[in-house]
Amino acid sequence: MKALALALLLGSPALAKTQSPPLNADQFAAYVEGKTLSWSSGDQLWGTEEYLPNRRVLWTDEQNECQIGTWYPQGDQICFAYEGAQRPACWIFRLGQTGLISELQGGSGPLLLNESGQSTTGLPCPGPALGV
């Protein structure tokens, strides 16, 4: 994901851990499936992801480039593997006061993204089987 390489380093992992325990795969699936969530870093929109059945996802970044992928659990982390990406991106998700908080794992420093919007409308990505 191109956006991962350009991410701003915000927040502290310690702050995220005080809010709630990490969601497990079943809790994460129950929260996201059938929804489209927008993710922000501070006041800046970072991207939007549609959560499809069977742990499939559709991601679009600030350039509106759509990427199809899947997610899977790995310990306390939820990892996302996108077509064409060299490696998966793994996150810890916690439930905050206004929605999900995600903390990137394995990066060069802490990156926290906050759920900044939610809908049941799919992403307008072209192509077969991309979006609802």
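The values are calculated or read from the model by the stated rules, or taken from the named source; none is laboratory data. All figures in this text were calculated on a predicted structure; none of them were measured in a lab. We place every Cβ from the backbone using ideal geometry, glycine too, and count neighbours over all the protein chains shown.
Remarks
- Residues (assigned to a strand (DSSP E or B) and either in contact with a Cys (Cβ under 6 Å, 6 or more places away or on another chain) or on the phi > 0 side of the Ramachandran plot (or both)) located in the stretch 95-116: G99, Q105
- Number of the condition not met by Q63 [criteria: (1) more than 18 Å from G99 (Cα to Cα); (2) under 15 Å from the mean Cα position of the chain (by Cα); (3) among the polar types (S, T, N, Q)]: (2)
- One residue from T48, T60, T70 being touching a helix residue (DSSP H, G or I) at 6+ places or on another chain (Cβ under 7 Å) and either surrounded by fewer than 18 Cβ atoms within 10 Å (Cβ to Cβ) or touching a residue at least 24 places away in the same chain (Cβ under 8 Å) (or both): T70
- Residue count, the stretch 49-79 (criterion: out of contact with any Leu (no Cβ under 8 Å at 6 or more places or on another chain), assigned to a strand (DSSP E or B) and either of a type in the set (S, T, N, Q) or closer than 17 Å to D26 by Cβ (or both)): 9
- Qualifying positions in the stretch 24-68 - among the aliphatic types (A, V, I, L, M), within 17 Å of R94 (Cα to Cα) and out of contact with any Ser or Thr (no Cβ under 9 Å at 6 or more places or on another chain): A25, A29, A30, V32
- Filtered residue count, the stretch 1-48, keeping only those that are in a strand (DSSP E or B), at pLDDT below 95 and not small (G, A, S): 3
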